[in-house]
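Visitor: Pasting in a structure now, in C-alpha cells, and then I'll have a few things to ask.
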Amino acid sequence: MLEYPGPAAEWLHALPLGNGHLGAMCWGGSSARFDLNHEGLWSGSPAGDATSAGGTDREARQLLARARAAAASEHGHEATEPLQALQAPYAQAFLPLGTLEVRTADAGPGRRSLDLRTGTHTWSWPGGRSRTVVSAVDDVLLHVVDGASSHPVEVRLTSPLHELHREQDTTGIELWLRAPSDVAPGHEPDLPAATWGPGAVEACVVVGWREHGDRWVLAVAVETTYDGPGSALRGPATELAGRARARVERVLAQDPDELLRRPVGDDHVRDVVWPVLRDAAEFALSWLVRTPDGSWGTVPSTSPENTFVDAHGRTVAVAWSSAMDRALVRDALRSVVELAPRVGPDATDLAGRAGAVLPDLPGIRVATDGRVQEWGAEQVESDPHHRHVSHLYPLFPGDEALTAAEEAAMVASLDGRGDDSSGWSLAWKIALWARLHRPDHVSDLLDLVFRDATGVHGQWAGGLYRNLFAAHPPFQIDGNLGYAAALAECLVQSHRGYVELLPALPAELASGSAHGLVARPGVVVDLDWADGDLVQATVRPRSPAPEAVEGRTVVLRWRGREVRRRLADAPVVVGPADFRGAGPDEAGSPADSPG
C-alpha cells in the first residue's frame, strides 16, 4: 500500500492505474484529476509510415539483399545505408489522450493511497472517500464517490488533440478526437513539432455517470481507430462510439462494489497465447537465413542499442545473428513445439517446421574471454559497461537448461558490465543474479534501485522518484514492473523442473512473507520465512482450473534438498522439518538439471 498526505503536486507524484489498454495517472484531491492514455493512440498511421519509408517491394528486397551481404561478410558499416533506406526517418509518438477532472466542493485535507494488490486508488477525507480502478474485465475506468454530500458538481474532459465533435449533457460526455498525422522528435529541429493532416488515428472517449444509492459512479471507456501493428486504421471514430458507449452503459447498470472487486479471468493457450506465438514463429521462420558458419540465424542483426568497434576502428551496430536474436527465435520455436499438442491438428505443420530448424539454430556461444558472445562473431564492444544485457536472455527471462560453462560465461558477462545503470537495467540484473543464486549481488543492486533518483546524476542513473516510479532517467515503467519480476525470482524459481524456495533471498529481506506467487506447473505458492530460514510454504493448484494439475506430483526444493508432494484439492504445506528428512538432490547442481 502506498499512502501520501494531500493531492499530488506534480505528475511524478501522481499514482498510476491501468489494464494494459487504458491508463490513468491519479492526482487525488477533492477535485479528482486523471491524466488518461490509451495504447492505440499514436501520431501518424500505418499507411503514412509505409509511405515515408519509400521504395517499392522490389527495391526493398534489393536493399535488404545488400544489407545481408555486407553484414554476413563482416562489413557491418556498409549495411547501415541500405537499412536506413528501408526505414522511416523516425518513429511516431505515443500521445496523451486527455485529462478528466471530477470537481467537487472542497472537503478539506485528505489522504490518497494506491493498493498494489487490488489496483485501487483511494482518496479519503473525514467525511467520505472516492475509489478508482481501471478494470481489465470491463475495459473501463471506474470512479466511485461514497457519501451523498460528496456528489461531484462538475465533470470536465479536455485533450491536447484536435477535437472533432463533443456531446455533453447531465449524464455524460462523448468526445471524438484526432491525433496528429506526424510528430517529429526533438532531434529534428527543422521540422514542425506536429502536423495535423488527414489519415491520422482517431479516438472516441465516452464518460458516463449516475447516482447509485448514496454513491456517485463514473465510468470512462475509450476506442481508437488503431488496432496495433499490422493493421490498417479502422474508422472513423464516430463508428466506434457505440462500442465505448455500450461498455459504459453496461458498467453503470451494475453494482459498483461488485465492479470494484471483480477478478480477472484466466487466459487460454488456444485463444490468447497461441495466436501471438504462431505469428511470431511464422515471422521468425521467414526471416532466418544461413549464416557464414552454416547455421540458421538472422542477417542483418543487432544487439539492442549496443555497438562494437570493427577492424578499422569504426563504431558499428550491424552484424549477423546476435545472441539476443538467436535466443528469442529459439524460445519462440521451442514453445511452438511444446504447445502444439495442446492446440491440436492446426499446429502440426508449424510445429514440424519449427522442430526441423531448432537443431541447427545455435544457442549460447562462449567467447575466448569467457563471456557470452554477443554477436555472431567475436567483437570488441564500444562500451564495456553498456546498460543492456540482452545477450543474457537465456538466463532470464529464458528458461533453457544451462551448462556450468554457460553459467560461468553469464557471471563473467555480468561482472564485466558492472552494477550501476538505469532503473530497468538494475531490475534485469537482479533477476539474472537471482537465477545464479547470488543474493549478495542482489543486495548490491537493491541499494541502487532504492536511492533517491532526484539526487543522482548521470545519463543512465537509476533510482526512485517520490511516487516510486523507477528512473531511466526520466521515468520508465520497465524498472517498476521488472523489479517485481526480479523480486519474485529471489523468492521462487521453477524453470529447472522443480519449485525452488528462497533461492536468492537478500539480507535486506531476511524475514517476511509473500502470497500468490505463480510457479510451474500451474501452482500458486505462499511463503513465510524468518531470519533467512523457511518457516512454511503452501502450494495449491492455480484457480480457476485446478484440474489441470491435480493429481500431479510437484517437486519442492530448499537448500539443495527435495521433497515430492501430490497435488490435490487441499493445499500442500511444507516446512523445514520436511526437508531435513529428505536426502540431498542426486540429480546434480541446478545448472545441470533439466529445464
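Visitor: What pairs come up if the first residue lies in the stretch 402-426 and is without any contact (Cβ under 8 Å) to a residue 40 or more places away in the chain, the second is basic (Lys, Arg) and open to solvent by less than 20 Å² (accessible area, probe 1.4 Å), and their beta carbons are under 7 Å apart, counting only those six or more places apart or on different chains?
Guide: Here the result reads 414/429; 419/429, each pair linking the stretch 402-426 to a residue that is basic (Lys, Arg) and open to solvent by less than 20 Å² (accessible area, probe 1.4 Å).
Visitor: Right, here's the next one. I need a count of the residues in the stretch 409-421 that are in contact with a Leu (Cβ under 8 Å, 6 or more places away or on another chain), open to solvent by 20 Å² or more (accessible area, probe 1.4 Å) and in a helix (DSSP H, G or I).
Guide: Residues meeting the conditions: 1.
Visitor: Still on this model: Residue 340: buried (at least 23 other Cβ atoms within 10 Å of the Cβ) and farther than 30 Å from residue 383 by Cα, yes or no?
Guide: Judged against the criteria, residue 340 is not a match.
Visitor: Now a separate question. Please name all residue pairs, on different chains or six or more residues apart, with Cβ atoms under 6 Å, provided the first residue is in the stretch 78-102 and is assigned to a strand (DSSP E or B) and the second residue is among the aromatic types (Phe, Trp, Tyr) and crowded, with 19+ Cβ neighbours inside 10 Å.
Guide: 94/42; 100/34
Visitor: Looking at (1) assigned to a helix (DSSP H, G or I); (2) open to solvent by less than 20 Å² (accessible area, probe 1.4 Å); (3) not polar (S, T, N, Q), which one does residue 114 not meet, given that it meets all the others?
Guide: (1)
Visitor: Would you pick out the residues in the stretch 534-551 that are at pLDDT 80 or above and within 31 Å of the chain's Cα centre (by Cα)?
Guide: Residues satisfying the conditions are 534, 536, 537, 538, 539, 540, 541.
Visitor: Something else: Looking at this structure, is residue 372 among the β-branched types (Val, Ile, Thr), open to solvent by less than 30 Å² (accessible area, probe 1.4 Å) and under 20 Å from residue 302 (Cα atoms)?
Guide: Yes.
Visitor: If residue 434 satisfies every condition in (1) farther than 28 Å from residue 561 by Cβ; (2) in contact (Cβ under 8 Å) with a residue 40 or more places away in the chain; (3) assigned to a helix (DSSP H, G or I) but one, which is the exception?
Guide: The failed condition is (1).
Visitor: Out of 157, 164, 177, 141, report the one residue that is in contact with a Ser or Thr (Cβ under 6 Å, 6 or more places away or on another chain) and closer than 19 Å to residue 243 by Cβ.
Guide: 177
Visitor: Considering the stretch 146-187 alone, what residues qualify as being over 30 Å from residue 128 (Cβ atoms), of a type outside the set (A, V, I, L, M) and open to solvent by less than 60 Å² (accessible area, probe 1.4 Å)?
Guide: 176, 180, 181, 182, 185
Visitor: Before we move on, is residue 107 open to solvent by less than 60 Å² (accessible area, probe 1.4 Å), more than 30 Å from residue 175 (Cα to Cα) and touching a residue at least 60 places away in the same chain (Cβ under 8 Å)?
Guide: Here the answer is no, as residue 107 does not meet what is asked.
Visitor: Assess whether residue 122 counts as being closer than 26 Å to residue 217 by Cα and crowded, with 16+ Cβ neighbours inside 10 Å.
Guide: Answer is yes for this residue.
Visitor: Every residue in the stretch 350-366 that is touching a residue at least 24 places away in the same chain (Cβ under 8 Å), open to solvent by 50 Å² or more (accessible area, probe 1.4 Å) and assigned to a helix (DSSP H, G or I), please.
Guide: The answer is 353, 360.
Visitor: Another question, then. Only one residue in 406, 381 is of a type outside the set (Gly, Ala, Ser), crowded, with 17+ Cβ neighbours inside 10 Å and farther than 26 Å from residue 519 by Cβ, so which one is that?
Guide: Answer to the check: 381.
Visitor: Between 219, 253, 241, which is surrounded by 12 or more Cβ atoms within 10 Å (Cβ to Cβ), more than 25 Å from the chain's Cα centre (by Cα) and modelled with pLDDT under 95?
Guide: Result: 241 is the single residue among 219, 253, 241 that is surrounded by 12 or more Cβ atoms within 10 Å (Cβ to Cβ), more than 25 Å from the chain's Cα centre (by Cα) and modelled with pLDDT under 95.
Visitor: Something else now. Scan the stretch 179-211 for residues that are among the charged types (D, E, K, R) and more than 30 Å from the chain's Cα centre (by Cα) and report the count.
Guide: Qualifying residue count, the stretch 179-211: 3.
Visitor: In the list 211, 188, which residue meets the criterion of being assigned to a strand (DSSP E or B) and of a type in the set (Asp, Glu)?
Guide: 211
Visitor: To continue, here is another question. Based on what the data block shows, is residue 448 in contact with an Asp or Glu (Cβ under 7 Å, 6 or more places away or on another chain) and part of a helix (DSSP H, G or I)?
Guide: yes
Visitor: Taking the stretch 372-398 only, how many residues are assigned to a loop (DSSP other than H, G, I, E, B) and more than 25 Å from residue 492 (Cβ to Cβ)?
Guide: 14
Visitor: Oh, and also: Identify all residues within the stretch 285-324 that are in a loop (DSSP other than H, G, I, E, B), over 17 Å from residue 390 (Cα atoms), modelled with pLDDT of 95 or more and among the β-branched types (Val, Ile, Thr); write none if there are none.
Guide: 299
Let's see how each residue does on (1) crowded, with 21+ Cβ neighbours inside 10 Å; (2) closer than 18 Å to residue 130 by Cβ; (3) at pLDDT 95 or above; (4) not β-branched (Val, Ile, Thr):
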{"position": "11", "(1), (2), (3), (4)": "no, no, no, yes"}
{"position": "26", "(1), (2), (3), (4)": "yes, yes, yes, yes"}
{"position": "29", "(1), (2), (3), (4)": "yes, yes, no, yes"}
{"position": "33", "(1), (2), (3), (4)": "no, yes, yes, yes"}
{"position": "37", "(1), (2), (3), (4)": "no, no, yes, yes"}
{"position": "47", "(1), (2), (3), (4)": "no, no, no, yes"}
{"position": "57", "(1), (2), (3), (4)": "no, no, no, yes"}
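The values are calculated or read from the model by the stated rules, or taken from the named source; none is laboratory data. This one's a predicted model, so the numbers in the text were calculated from it and none came from an experiment. Every residue, glycine as well, gets a Cβ built from its backbone with ideal geometry; the counts of neighbours run over all protein chains shown. Calculation scope for accessible area: heavy atoms of the full protein, side chains included, ligands and nucleic acids excluded. Shrake-Rupley method; radii C 1.70, N 1.55, O 1.52, S 1.80 Å.
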